[in-house]
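See structure below.
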Ligand code: P5A
């Protein structure tokens, strides 16, 4: 993409309404624009990051054997009356009446809708297990939407739902989700720690939240510092292997790590040596639930069991806050000059800065690097504007592309360009070909899969 043709409305001023750094940087970098309280338009660069996160989520869900689909945002109130949640959900639910006077709602979550789909089409235990998921906008009429996309009213969620014959199978689905979530967040350059939590309006008392530690996080958390040493890495996993998935769950959840909803000071003090006790704040980027037959029983989602008798299926639901993650990644990765995107989620792989726009040699060298990067499957953002070098550098630093190639007449005289890391600020002088080859090498591990849906 050439910057002269793109739509990147960066702001010079720091917007006064933004209280936390991710919100400020998303506005300044031209990623989002507030449409109304807690509701945002995703401008091109913000949208690009959102799509990258969606792709990672899809890839990891499909890898775990989960099936993508799409349900609508608007739902009929009748289904929610069946489960009993229509009245329970309270003021967070946006209720709408259509022209025929029918009660509708903008879905805050989809347990009822998916249970209805399941009961209409699945009748035998032989069709189990099944896990279906989608990535769709949700609406929760939060009393205090704030912090930009972190606590929106409209937000993008990946929500998945498992249907199993037995509790044991459903707990395997739970473990499978835990493993796939660990992989998902690590690919986004994040450490998200599973912590014992509370079921809230979704239900169930077996649930973990995934938290990214950050001072601006809305959740208060208590944990054994050893949990921050754990990484999933690139180990192999067989998602059908119950014992393997259970072992990962135990590895990642056996140490004390809880949100304030379930924190128990006595247990904390007794089980964690004082030097390892931590109290901090975190951003909740996902939550997994096992709730058994809470929805299947009242809604009649039964299958014929092996003995011919109908049994309600065991269910769980599993959510990732996709739009919130954009903010969470920025909270975890920025400096005073702007965003620093992890390679796995960056909107463009590298910026190209032309120090002397209009100079035939410099322009040609930039065009060649642009073409060569694209030929390697990389997407550069070429600053081909007439701005001064200082302004071009400031924009690149603000929008946070992990790598910058700087091209100027002086370097070209000796056949070199400069490759600079946004994270360390370190620069290397290389031939244009070597710079392209180096970027291809850096990004190779992040280009492995193509999105399955
Ligand atoms: C699990 C999937 C559920 O709704 N039902 C379907 C279950 N869980 S949850 O924890 O309530 O939400 C899942 C994730 O969505 C994100 N999230 C939000 N993101 C931005 N703004 C909000 N107002 C908001 N509310 C929830 C969180 O990341 C949460 O973990």
Open item on the list: With the crude spin-label approximation of a point 7 Å out along Cα→Cβ, what separation in nm comes out for residue 97 versus residue 434?
Closed with: 7.3 nm
TODO: Mind pulling up the Rg/Rh value for the chain? Radius of gyration and Kirkwood radius, both on Cα.
DONE: 1.02
TODO: Just need the Rg to Rh number for segment 81-190, please, alpha carbons only, Kirkwood Rh.
DONE: 1.02
Open item on the list: Pairs of alpha-carbon atoms within less than 8 angstrom and 6+ residues apart define the contacts here; what relative contact order does segment 1-113 have, in percent?
Closed with: 16 percent
TODO: Give me the distance between the Cα centres of segment 70-90 and segment 180-198, rounded to whole Å.
DONE: 29 Å
Open item on the list: Give me the one-decimal nm value for the distance between modelled label points at residue 444 and residue 274, 7 Å along each residue's Cα-to-Cβ direction.
Closed with: 5.1 nm
- [ ] Any chance you could run the full-extension gain for residue 262 through residue 144? It's 0.36 nm times the residue separation minus the Cα-Cα distance, nm to one decimal.
- [x] 40.2 nm
Open item on the list: Just want the ordering: 216, 424, from fewest to most Cβ atoms lying within 10 Å of their own Cβ.
Closed with: 424, 216
Task: Reciprocal of mean inverse Cα separation for segment 280-430 (Kirkwood radius, Å) - done: 19.2 Å
TODO: With everything on Cα atoms, drop me the angle between helix 167-187 and the longest principal axis of the chain, reported from 0 to 90° to the nearest 10.
DONE: 10 degrees
- [ ] Specify the angular offset, from 0 to 90 degrees and rounded to the nearest 10, of the alpha carbon long axis of helix 111-121 from the longest principal axis of the alpha carbons in the chain.
- [x] 70 degrees
Task: Two-site label geometry, residue 121 and residue 242: point separation in nm, points 7 Å out along Cα→Cβ - done: 2.7 nm
TODO: Mind checking the full-extension length gain between residue 137 and residue 51? Use 0.36 nm per residue of separation minus the Cα-Cα distance, one decimal, nm.
DONE: 29.6 nm
TODO: Determine, from the Cβ-Cβ distance of residue 311 and residue 205 and an R0 of 25 Å, the FRET efficiency 1/(1 + (r/R0)^6), rounded to the nearest 0.05.
DONE: 0.70
Task: Tilt relative to the chain, helix 242-253 - C-alpha long axis, 0 to 90 degrees, to 10 - done: 70 degrees
Open item on the list: Per 0.36 nm of contour for each residue apart, how much would the distance between residue 67 and residue 337 grow if the chain were fully extended, relative to their Cα-Cα spacing?
Closed with: 93.1 nm
Open item on the list: Test of understanding: ordering 124, 180, 219 by Cβ neighbours within 10 Å, fewest first, what list do you get?
Closed with: 124, 219, 180
Open item on the list: Along its three principal axes, how long is segment 129-229 when you only count alpha carbons? Whole Å, largest extent first please.
Closed with: 41, 36, 27
Task: Sequence of 118, 232, 289, 7 once ranked by neighbouring C-beta atoms within 10 Å, starting from the fewest - done: 7, 232, 118, 289
TODO: Evaluate segment 306-368: find the radius of gyration of its Cα atoms, find its Kirkwood radius, and give the ratio Rg to Rh.
DONE: 1.44
Task: segment 360-390-segment 256-294 distance, computed between alpha-carbon centres (Å) - done: 49 Å
Open item on the list: Suppose a student asked you for the relative contact order of segment 373-453, using Cα pairs under 8 Å spaced at least 6 residues apart; what percent would you report?
Closed with: 21 percent
- [ ] Please compute the Cα-Cα pair-distance distribution of segment 228-341 with 10 Å bins starting at 0, giving whole percents from short to long.
- [x] 10, 23, 32, 24, 9, 2, 0
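Since every read-out is calculated from the coordinates, none of them should be taken as a lab result. Since the model is a prediction, treat every value here as computed from it, not as a measurement. Because the Cβ atoms are built from the backbone with ideal geometry, glycine has one as well, and the counts that use them run over all protein chains shown.
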